[in-house]
Amino acid sequence: MKSFEISPKTLANLGIESLNEMQIAANQEIQDKKNVLLLAPTGSGKTLAFLLPIANLLDANTKGIQCLILVPSRELALQIEQVWRKIATGFKVNTCYGGHSVQTEVQNLTEVPTVLIGTPGRICDHIQRQSISLKDTQILVLDEFDKSLAMGFEQEMGFIVQKLHKLEKRILVSATSQLKIPEFVGIKQPTLVDFTKTQEKTTDGLVLKTVISEGKDKMLTLFRLLCFLGEESTLIFCNLRETAEQTCQALQEKGLEVAFFHGKMEQLDREKTLVNFRNRSVTFLLASDLAARGLDIPAVKNVIHYELPFNHEDFTHRNGRTARMNAEGTAYLMLEEGETKPSYLQQLPNEFRIPKKTSLPKPSEWATLYVSGGKKNKISKIDIVGFLSKKGSLEKDDIGLIEVMDFMSFVAVKKHKINSLLKLVQGEKMKGEKYKIELAKVKK
């Protein structure tokens with residue numbers, strides 16, 4: 001078995017010191033076996049676990065798409081692409097998903113990638129347009145395949161699999177155990193790599209607490225809890241999109257910096273919201289279960305079940321957003337007074353009483369800039385830092401997290417410098433071109 005060498009720099013880029021037990025086991029089985037079912041908790045590093053062995057299996061002398069990775073959401077597609085780029089394999093990757101310009105994708109695909117990542121609907125579209133050929137594809141990955149099925153992509157996935165005539169290896173990935181593998185995949189007894197019951201590395205630091213809302217207005221209890229949590233990054237889960245939006249608006253009216261996130265938002269709004277949350281421009285995020293897994297969100301300090309999920313599986317996935325990779329975190333279960341516990345919990349966690357005296361958290365010191373250029377415009381993080389320093393008079397400490405995407409970039413900047421910065425860079429060129437630079441405001 002070959003072993004893909006990871007440089008210390010790559011490990012640093014990935015934010016880890018070494019591979020964990022699950023990643024080592026998956027690396028061996030995926031390389032050695034034809035069909036593998038990888039099960040591991042949210043936040044355990046599954047993406048890296050299947051990408052590393054794939055990197056070893058690719059042939060630099062073979063043209064065409066060698067590996068196809070199907071995912072349920074654009075956010076997961078982008079997350080996998082980001083990890084692949086950090087591994088620095090030298091193999092070209094492309095990402096295709098709904099809400100993205102089809103023509104832009106068609107143009108990008110003229111230089112055929114070795115690895116193609118996409119949502120089932122958009123990959124079907126490209127097959128029908130004949131903008132991609134899967135005749136040489138030997139590796140198929142279905143990441144979070146149970147979620148893809150739940151979202152109604154079975155027909156599209158079946159159509160795609162039928163086009164894979166040279167398929168030699170199938171890798172199915174999920175955070176949920178006891179799954180039924182759909183017939184169209186073509187395997188019945190894959191090699192199982194199951195770490196769903198070995199969660200010490202991800203849940204040892206998790207503390208569960210129950211918060212009882214004494215009054216009828218549960219939102220007020222949430223407001224008091226967020227004031228108590230202060231500046232700690234917190235993800236608040238709702239069962240309905242409407243609840244997320246309405247609760248977000250109510251909290252904003254009470255003076256909190258908060259945003260909402262769900263699947264019906266426009267792609268750019270979703271991108272802006274996640275970036276603002278990742279770089280700490282926004283501390284509190286109300287979200288549907290779309291944010292429970294498959295998103296590029298770093299470990300947060302707290303998870304709040306504003307509305308309890310309907311099953312234990314979703315409860316586990318939500319909790320997996322905190323206390324990841326040996327970190328510590330807290331999950332709060334919010335119940336109205338007299339509300340019965342969900343059937344999937346044997347007992348409620350100990351009750352946490354919010355102190356009577358709380359105050360509004362300090363506003364974030366960061367704001368997020370949107371730049372209308374990215375990788376495809378030959379813009380790098382170094383270019384952005386140089387531009388903001390020279391033309392915008394920013395110091396090194398004024399610039400936070402920078403994210404460069406294909407055709408846009410986002411930069412965290414100290415909030416008190418924003419107004420002067422925008423005036424200074426107005427009309428200025430970066431690498432000989434003018435780009436729109438403005439605040440990346442979250443949707444309200």
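Tabulated results
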item: Within segment 125-151, considering residues that are more than 17 Å from CYS96 (Cα to Cα) and not hydrophobic (A, V, I, L, M, F, W, C), the one surrounded by the most Cβ atoms within 10 Å (Cβ to Cβ); result: LYS147
item: Residues (outside any strand (DSSP E or B), hydrophobic (A, V, I, L, M, F, W, C) and in contact with a helix residue (DSSP H, G or I) (Cβ under 8 Å, 6 or more places away or on another chain)) located in segment 332-380; result: LEU345, ILE354, LEU360
item: Residue, modelled with the highest pLDDT, within segment 322-351, restricted to residues that are closer than 19 Å to LYS301 by Cα and out of contact with any strand residue (DSSP E or B) (no Cβ under 7 Å at 6 or more places or on another chain); result: GLU328
item: Qualifying helices (runs of 4 or more DSSP H) (wholly inside segment 186-286; at least 3 residues being under 30 Å from ALA77 (Cβ atoms)); result: 200-203, 241-253, 267-278
item: Number of the exception - ILE69 against (1) modelled with pLDDT under 90; (2) surrounded by 20 or more Cβ atoms within 10 Å (Cβ to Cβ); result: (1)
item: Hits in segment 381-407 - residues which are of a type outside the set (A, V, I, L, M, F, W, C), without any contact (Cβ under 8 Å) to a residue 40 or more places away in the chain, under 15 Å from LYS429 (Cα atoms) and not in a loop (DSSP other than H, G, I, E, B); result: GLY386, SER389, LYS390
item: Residues (at pLDDT below 90 and surrounded by fewer than 18 Cβ atoms within 10 Å (Cβ to Cβ)) located in segment 153-181; result: SER177, GLN178, LEU179, LYS180
item: Condition check for GLN79: assigned to a helix (DSSP H, G or I), in contact (Cβ under 8 Å) with a residue 24 or more places away in the chain and surrounded by fewer than 22 Cβ atoms within 10 Å (Cβ to Cβ); result: yes
item: From the options GLU105, GLU21, GLU17, residue that is of a type in the set (Asp, Glu), farther than 23 Å from VAL161 by Cβ and modelled with pLDDT of 90 or more; result: GLU21
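The values are calculated or read from the model by the stated rules, or taken from the named source; none is laboratory data. Please read all numbers here as calculations on a predicted model, not as lab measurements. Counting neighbours? That spans all protein chains shown, and the Cβs are built from the backbone with ideal geometry, glycine included.
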